[in-house]
Amino acid sequence: MKTGIILYGPPASGKDTITAALTDQDPRLVQFTRLKIGEGRRQGYRMGNVDQLEQLEARGDVIYRNDRYNNIYLIDRPGLDAVFAAGQTPVVHLGQIAGIGALTTGYPATWLTVQLSCPREVTEQRSTMRGDTDTSARLAAWDATAADLEANAGTSWDLHLRTDQQPATESAQATLKALAQIG
């Protein structure tokens, strides 16, 4: 059975940090590297181009598309297929509830949904500390995530973690325990 983890939260809520702790504790887990069309930060992405995007869209292989920070970010079927074919469990980072719905209904797997949260001030501090040059855009995304949560208050989560209240290793352990219960 295919299982995966969705970490949902605003920018700088701990998705990268918790994923690092998860992959340290279980080498079968791997961060899903979304396909990015655009400029800027390359680390953590598979870089693509507009032609590739058009081909994926024509084949129906775009599971979820998010346009943010003047870039396009994709969760694509071939990318997920490759992770599962390698015998790994993907950890997918999302900041939009629509993406969760698209992934859970658009790709056949059992998905553990984990909501990560922290106060806006913590996001600002973390963004500044890691050297982001677009902290104001990330705070706008934090606000959009808060509005998304409010508009979708009935969303059901398998796990909710306050990343400002516990270390990443504890968050990872809680996530692994919840994954074992669904798998």
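The values are calculated or read from the model by the stated rules, or taken from the named source; none is laboratory data. Since we're looking at a predicted model, the values are computed, not measured. Neighbour counts run over all protein chains shown; Cβ positions are idealised from the backbone, glycine included. The protein model used for the area step is the full one, side chains on, heavy atoms only, and it has no ligands, DNA or RNA in it. Shrake-Rupley method; radii C 1.70, N 1.55, O 1.52, S 1.80 Å.
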For HIS93, only one of the following conditions fails: (1) over 28 Å from ALA147 (Cα atoms); (2) in a strand (DSSP E or B). What is its number? (1)
So, in region 48-66, exactly how many residues are more than 14 Å from the chain's Cα centre (by Cα), modelled with pLDDT under 95 and not in a helix (DSSP H, G or I)? 2
Considering only region 67-90, how many residues are open to solvent by less than 50 Å² (accessible area, probe 1.4 Å) and either in a helix (DSSP H, G or I) or hydrophobic (A, V, I, L, M, F, W, C) (or both)? 7
Look through THR135, THR105, THR113, THR128 and report the one residue that is under 25 Å from THR175 (Cα atoms), β-branched (Val, Ile, Thr) and touching a helix residue (DSSP H, G or I) at 6+ places or on another chain (Cβ under 7 Å). THR113
Part of a helix (DSSP H, G or I) and at pLDDT 85 or above: which single residue out of TRP157, TRP142, TRP111 fits that description? TRP142
Can you pull out the residues in region 159-183 that are open to solvent by 80 Å² or more (accessible area, probe 1.4 Å) and in contact (Cβ under 8 Å) with a residue 24 or more places away in the chain? HIS160, ARG162, GLN173
Selection count where residues are touching a Leu at 6+ places or on another chain (Cβ under 6 Å), open to solvent by less than 10 Å² (accessible area, probe 1.4 Å) and not in a strand (DSSP E or B), scope region 1-40: 3
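The rows are residues; the columns are (1) basic (Lys, Arg); (2) in contact with a strand residue (DSSP E or B) (Cβ under 6 Å, 6 or more places away or on another chain).
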residue	(1), (2)
LYS2	yes, no
ALA12	no, no
ILE18	no, no
PRO27	no, no
GLY44	no, no
GLU57	no, no
ARG65	yes, yes
ASP76	no, yes
PRO90	no, yes
For region 64-82, pairs from a residue that is on the phi > 0 side of the Ramachandran plot to a residue that is surrounded by 14 or more Cβ atoms within 10 Å (Cβ to Cβ), with Cβ under 6 Å and 6 or more apart or across chains, are TYR69/ALA137
